[in-house]
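**Q** Take this structure first; my questions come after.
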Amino acid sequence: RDPEMSRGLGDVYKRQVQKCKEANNLADNRKKNILQYSKYIHLKIECEINTMLAGKGITAAQSHVLMYIMEHNGEPVFSTAIHHDLNISRATVSGLIKKLRAGGYLSYEGSDDDERHKKIIATEKAYTLQQDICDCLKKIETMAFRNFTDQELDEMERLQKKMIDNTI
């Protein structure tokens, strides 16, 4: 073997390996950036909702739980359903419900089937906030999706569903 030839092939191989590493790093950086952007968007939206609802005495997280309960139109809602459907921990659900009850937005009603389970009921005070929460969420949607085409929204929805499927 010609040592010059071996060294030349070695250099070529090293450059190819380096290019592959750089390509992988770019892909990894893109993925990392996408996840960081998702987290940033979530936090930014939550902050905006908190600011908009501050005068109403509830937080973004509380408004999501409240809307979930009100969307059931009087049907029984239990904390386990909130935990599963909103994908938040039981401890968080318990804390949010406790604060909403203390604020007069929710009440409990015993279950006919099992006394250990308590139906969570939205109060009239909660329903007086419903339109304010809806208006707030509409403003957030308008702000977040300004200048998006229908095609871009469809593609974003498709890709987010794909990410959700990948994480289940």
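**Q** Just to verify a result, which residue in region 87-96, among those that are closer than 15 Å to H64 by Cα and out of contact with any helix residue (DSSP H, G or I) (no Cβ under 6 Å at 6 or more places or on another chain), is most open to solvent (accessible area, probe 1.4 Å)?
**A** Once the filter is applied, the top-ranked residue is N87.
**Q** So which residues in region 118-161 are open to solvent by 90 Å² or more (accessible area, probe 1.4 Å) and within 26 Å of K98 (Cβ to Cβ), if there are any at all?
**A** Passing the criteria: K118, E124, K125, T128, Q131.
**Q** Still on this model: Could you please give the count of residues in region 28-82 that are open to solvent by less than 40 Å² (accessible area, probe 1.4 Å) and in contact (Cβ under 8 Å) with a residue 24 or more places away in the chain?
**A** Residues that pass the stated criteria total 13.
The values are calculated or read from the model by the stated rules, or taken from the named source; none is laboratory data. Computed from a prediction, not measured in an experiment: that's the story for all the values here. Glycine gets a Cβ as well: all are built from the backbone with ideal geometry, and neighbour counts include every protein chain shown. The area values use the complete protein model at the heavy-atom level, side chains included, leaving out ligands, DNA and RNA. Shrake-Rupley method; radii C 1.70, N 1.55, O 1.52, S 1.80 Å.
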